[in-house]
Each structure stands twice: as structure tokens, then as C-alpha cells.
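**Q** Can you read through this structure? Questions will come right after.
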Amino acid sequence: MDYADTIKKIVTRISPSPTVFIRSFGCRLNVSDGNSLLGKILDMGFTVTNDVNCAALIILNTCAVRENAEKKVYGVIGELKHVKEKNPDVIIAVCGCMIEENHVAEFIKNTYRHVDFCFGTFAYGKFPELLYNALTTAEFQCDNNKYPTDFTDFNLYQDNVIKADVPIMYGCNNYCSYCIVPYVRGRERSREVSDILSDIRSLTDNGFKEILLLGQNVNSYGNTLLPPTPFSSLLKQAAEIPGDFKIRFMSPHPKDMRKDLIDIIAEYPKLCKSIHLPLQSGSNRILELMNRQYSRETYMEIVKYIRKKIPGCTISTDIIVGFPSETEYDFEETLSIIKEAKFYNIFSFIYSKRVGTKAADLPDKTTAAEKTSRMTRLLSLQREISTELYAKYVGKTLTVLFDGTSKTEGLISGKSDEGIIVEAPGKTDKIGEYRKVRITGSHNWALHGEIL
Ligand code: SF4
């Protein structure tokens, strides 16, 4: 049965323009999966609504990376009970990484009776069938089977008209001891180079100005392809596609950060000169316990090679504070590498225990208060460093892609090639194009300038 077509007939019988509300949590790859799903739902005759009370179909696309993320989702699911009470015909679905955790799927089934169906990260292809069943039966369904990934089923729908996400691979084989991703996203599998390049061509032909290549671990891209194709080769081919656009990627793993990849970024102007390189800790003992497969010394060698080959390239990172058994000495090691590496930005998190991961079994005697105080010290050090680094841009001219209006009246906002937020006086007609901007001021999180 062509479920999508049948659904179209059913829903348009219910209402001439049925509406869908979708909310994705977590990483950009999860948001991109949500957009792909939304693209398929729009093809079924639905239109998007941002008002959950007006929706005929509500989808929560969940994230399981930290406990807080899950708590947030439970809160939102709970609130939907009132929406269902007001509109019993509304269909409510929960999908994404949380549904891959069987204990969570069971909990949702038993606790939130207003949820009609759930599906996991391998079951996006089953969505039309699940929706059809939800529209025609009152039975709760949950499908978190590990179906083979059908890359042809991917929809290129984007949630804006300037920057586009292009997933290049799914899954991760690294099994960092604190991370739930390999358990909810499975092993690495890469899309074909030709499919990715054709996506980039069709998006940039349609006016998109920036392409973000996405994967849990982009620099192990292509290992599953026949023949295996390194990420540097994909990046080179993408950068050779003609057109006025730029390319970014997220997220690489330091253990797979090879010199040829850095050389390619240096060689092609289309490749943005900003690299996000998750470090997680500066202590070799903790990196070992995390199973990160590199030391602080090898990490710094990569940083130095990037700075030598690509002068002006910015590096940002992720840091976990309070990993089980982290001592004051381990934490000092993290602070010292932050001072040495001089990151432009860090995304820092207090360790969150994930059921099923190796680290979950490690003894963790550090108090929450101690972890919070370490986080405060880390952020205050990084603020000093960012303030110093950002101030060096004053007087310089940067290339900026403005993609929206700032919270400050009369200013528009965008990101420079270096990945830095830049705000400048300007009207919306300047949005969506690359502009030269002379930097006139700096904070510790953004720059201020005037469009030339
Ligand atoms: S590289 Fe490590 S932290 Fe990143 S997704 Fe894979 S297992 Fe998780």
C-alpha cells in the first residue's frame, strides 16, 4: 500500500489543509532528520504550524545525549496531555534517540497514554505506515527496530532559505565511555559521494549560501563505502562545485583528524576557516577513561598543524567537567590546555550519567557543588581568552554571511568565515548575502562592525 498517498486522502478528508507541528531537540543532525521527516509530511498534504494547539499532527523528535535533554522532553510530552484533552483527534508521535532506549520507550507507553505512536532513529522510513495505523486504529504503536538505513528516503527540506544541512553519514563506532550515541544511532554508515554532491548542487542552485555537512563523526566518513573514500576527498569534490557558497562540517573526531584534511581546508577558499574539535578533557588519565583514543599531546599537535597551515583559522571545542573520578589535578590539566590551545569558543557540560554506557558504572564521588564550581572556573577562564582573541579583530575586515536580525533593534546578525558572530547596522535586504564588514568593536562572544 502507498501509505503516503492513502494518508493524503484520509487527512484532507478530515481537513482541507491539515497542519503539523514538529519540534526537534538536540544536535544539528537530529534537527536535520526532523526537517527531512517534515519534508515528507508536507508532501502528504500537511502544512506547518508553530502553534501546537492548532495541529492535527504533533511530532517530538527527541535527543538522549544528556539527562537534562530527556527531562525536558518528558516535560513537553506531559504538557501535550491538555492539547489532547482539548482536541482528541490530534495525533501525537514521539521519535528520535530516546525511543532507541527500550526502558524509555516502555516508560512513555505506560506513562503518557495521550501519545499515539513512537519510532526510533532507524524507523523514519516506517513513519507513513505508523501514521496510517494511528489514523485508522486506536492502538498504541512503538517501532524501534534496527531497519537498514535507506538513504534514498532522505528529503532535502530545510528550515530556512540561507543555510542548508546535508547529512553525510549516520552512527558512530567510537564508543566513548560517556556517550549514548553509538547505542541509539548504531554503527557508522556513509551516504554515497555522488548523492551528497548532487544534494549540494541542487541546494546551491536554489540559492542556499552555506552548506553544513553533518555526521556524528564526519572525519571517519566513507569507511563503509566501496571503495572507501576519505572525508578529505569528499570535501575537495564539494569545494570544487562552482557557485557563491561556503561549506562547513560538524563534528570531526581528533583521532581521525589527518593532515591531508587540514591541507584541503587550507587550499580551498570555499571551506570555512573554523574547525570544531571536541577535546572533552585535558587530562590523559581522563581521556583514557573516556576512551577518546588520543592524548593531550597528540591533540595539541593537531592544533599546532592547523595554526601553521591555516593562519587565522578558529578552533572551538567541547569540554566535559566532572567526569567520574576527575580530581582537582585532572581539572587543572583541562584548564592548562585551555590556556595553551586558546579556543575561540567552548561548549562545556557537566558530566551526565547515561544508562547503558561504560562510564555509568564508574564510581563518581565528586559532589555536584564541586562540579559546578569547576564549571564556573572553566567559563571564567574561557571568557578572558575569548575577550582577548575577539579584541584582535577590531579594525580588521571580515567576510560575513548575514542570516537574520539581531535582538538589538536596527542590527542584523551573521557569522564570519571564522565562525564568529558579527552584528552590524543594516536592513533585511542585506540578509542572505556575503558582505565585507569592518570590525569596530568586540565582546567575548561576538563582534560588532559596519558593512562596507
Ligand atoms: S565520537 Fe564519541 S562522543 Fe562523539 S558521537 Fe561518537 S561515541 Fe559519542
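**Q** Run the reach check for residue 430 against aspartates and glutamates, Cα to Cα strictly under 16 Å, same-chain hits fewer than 8 apart removed. What comes back?
**A** 210, 244, 403, 409, 450
**Q** Next question. When the solvent-accessible surface of protein heavy atoms is calculated with a 1.4 angstrom probe, in what order do 451, 99 fall, highest first?
**A** 451, 99
**Q** Roughly what % antiparallel, to the nearest 5, for the DSSP beta bridges in the chain?
**A** Counting only bridges with both partners in the chain, antiparallel ones make up about 35 percent.
**Q** Sorted from largest down, what three extents in whole angstroms do the Cα atoms of the stretch 297-452 have along their principal axes?
**A** Here the spans come out as 56, 35, 27 Å, largest first.
**Q** Whole-Hz ³J(HN,Hα) for each residue in the stretch 82-94, computed from phi via Karplus 6.51 cos²θ - 1.76 cosθ + 1.60 with θ = phi - 60°, x for glycine and proline: what do you get?
**A** The phi angles translate into 5, 5, 5, 5, 6, 9, x, 7, 5, 9, 10, 10, 10 Hz.
**Q** Okay, next question. In whole Hz and in residue order, list the ³J(HN,Hα) couplings for the stretch 200-216 that follow from phi through the Karplus curve 6.51 cos²θ - 1.76 cosθ + 1.60, θ = phi - 60°; x for Gly and Pro.
**A** These are the phi-based 3J(HN,Hα) values: 4, 4, 5, 5, 6, 5, 8, x, 5, 9, 9, 10, 10, 7, 10, x, 5 Hz.
**Q** Using modelled amide H (1.01 Å from N, peptide plane; none on Pro or chain starts), what sits under 5 Å from the amide H of residue 413, excluding residues fewer than 5 places away?
**A** 403, 404, 405, 406
**Q** Next up: Among 219, 58, 78, whose Cα lies farthest out toward the positive end of the dipole of the chain, if unit charges sit on the beta carbon of Lys, Arg (+1) and Asp, Glu (-1)?
**A** 219
**Q** Among 299, 329, what's the order by accessible area (1.4 angstrom probe), most exposed first? Could the numbers behind the result be given before it?
**A** On the way: 299 0, 329 150 Å².
Result of the area sort, largest leading: 329, 299.
**Q** Report the relative contact order of the chain, percent, no decimals, based on alpha-carbon pairs under 8 angstrom and at least 6 residues apart.
**A** This gives 10 percent for the chain.
**Q** Another question, if that's okay. Skipping prolines and chain starts, which residues have an amide H placed within reach, meaning under 5 Å, of the one on residue 310, given they are 5 or more residues away or on another chain?
**A** Amide H to amide H, under 5 Å and 5 or more residues apart or across chains, residue 310 pairs with nothing.
**Q** Rg and Dmax of the chain, using alpha carbons, in Å: what are they?
**A** Considering the chain through its Cα atoms, Rg and Dmax are 22.8, 66 Å.
**Q** Rounded if a/c is under 1.5, else prolate if a/b is larger than b/c, else oblate: which is the stretch 158-272, with a ≥ b ≥ c the root eigenvalues of its Cα gyration tensor? Provide the component values of the computation, followed by the final result.
**A** On the way: a/c = 1.82, a/b = 1.46, b/c = 1.25.
Prolate shape, in that a/c is at least 1.5 and a/b is the bigger ratio.
**Q** Which far-off residues, 5 or more places away or on another chain, put their amide H under 5 Å from the one on residue 94, with H placed in the peptide plane?
**A** It is 60, 117, 118, 119, by chain and number.
**Q** Under 8 Å for C-alpha pairs, at least 6 residues apart: give me the relative contact order for the stretch 169-222, rounded to a whole percent.
**A** 46 percent
**Q** Rounded to whole Hz and in sequence order, give me ³J(HN,Hα) for the stretch 442-450 from the Karplus expression 6.51 cos²θ - 1.76 cosθ + 1.60, θ = phi - 60°, writing x for Gly and Pro.
**A** So the Karplus estimates, Gly and Pro as x, are 8, 10, 9, 9, 7, 10, 10, x, 10 Hz.
**Q** Based on the alpha-carbon gyration tensor of the stretch 9-118 and its eigenvalue square roots a ≥ b ≥ c, which shape applies: rounded if a/c is under 1.5, prolate if not and a/b is larger than b/c, or oblate?
**A** Details: a/c = 2.04, a/b = 1.37, b/c = 1.49.
Oblate, because a/c is 1.5 or more while a/b does not exceed b/c.
**Q** Over 21 Å between Cα atoms: which of 273/392; 246/342; 8/40; 255/392; 126/163; 304/353 fall into that group?
**A** Beyond 21 Å: 246/342; 255/392; 126/163; 304/353.
**Q** Output the pairs from 236/308; 84/146; 71/371 with a Cα-Cα distance over 26 Å in this structure; if there are none, say none.
**A** As for pairs spanning more than 26 Å Cα to Cα, those are 84/146.
**Q** Taking only C-alpha pairs under 8 Å that are 6+ residues apart, what is the relative contact order of the stretch 370-448 in percent?
**A** 34 percent
**Q** Still on this structure, please answer the following. Leaving ligands and nucleic acids out of the surface, order 113, 258 by accessible area at 1.4 Å, largest first. All intermediate terms of the calculation are to be shown ahead of the outcome.
**A** Working: 113 190, 258 125 Å².
My answer, sorted largest first, is 113, 258.
**Q** Enter the accessible area per residue of the chain (Å², integer; probe 1.4 Å; all protein chains in place).
**A** With the other protein chains kept in place, the chain gives 44 Å² per residue.
**Q** Where nothing but the Cβ of Lys and Arg (+1) and of Asp and Glu (-1) is charged, how large is the charge dipole of the chain around its Cα centre, in debye to the nearest 20?
**A** Result for the chain is approximately 820 debye, rounded to the nearest 20.
**Q** Hey, another quick one. Loop only per DSSP, at most 11 neighbouring Cβ atoms within 10 Å: give me the GluC sites (Glu not before Pro) in the stretch 95-153, ordered by residue number. Walk me through the intermediate numbers first.
**A** Numbers: sites: 100, 101, 106, 129, 139; in loops: 101, 139.
Answer by residue number: 139.
**Q** Based on the alpha-carbon gyration tensor of the stretch 274-389, what equivalent-ellipsoid semi-axes (square roots of 5 times the eigenvalues) come out, in whole Å, largest first?
**A** 25, 16, 11
**Q** While we're here: Could you size up the charge dipole of the stretch 274-389 around its Cα centre, putting +1 on the beta carbon of Lys and Arg and -1 on that of Asp and Glu, and report it in debye to the nearest 20?
**A** The calculated dipole for the stretch 274-389 is roughly 340 debye.
The values are calculated or read from the model by the stated rules, or taken from the named source; none is laboratory data. Everything numeric in this text was worked out from a predicted model, so none of it was measured. Because the Cβ atoms are built from the backbone with ideal geometry, glycine has one as well, and the counts that use them run over all protein chains shown. The accessibility values were calculated without ligands, DNA or RNA, using every heavy atom of the protein model including side chains. Shrake-Rupley method; radii C 1.70, N 1.55, O 1.52, S 1.80 Å.
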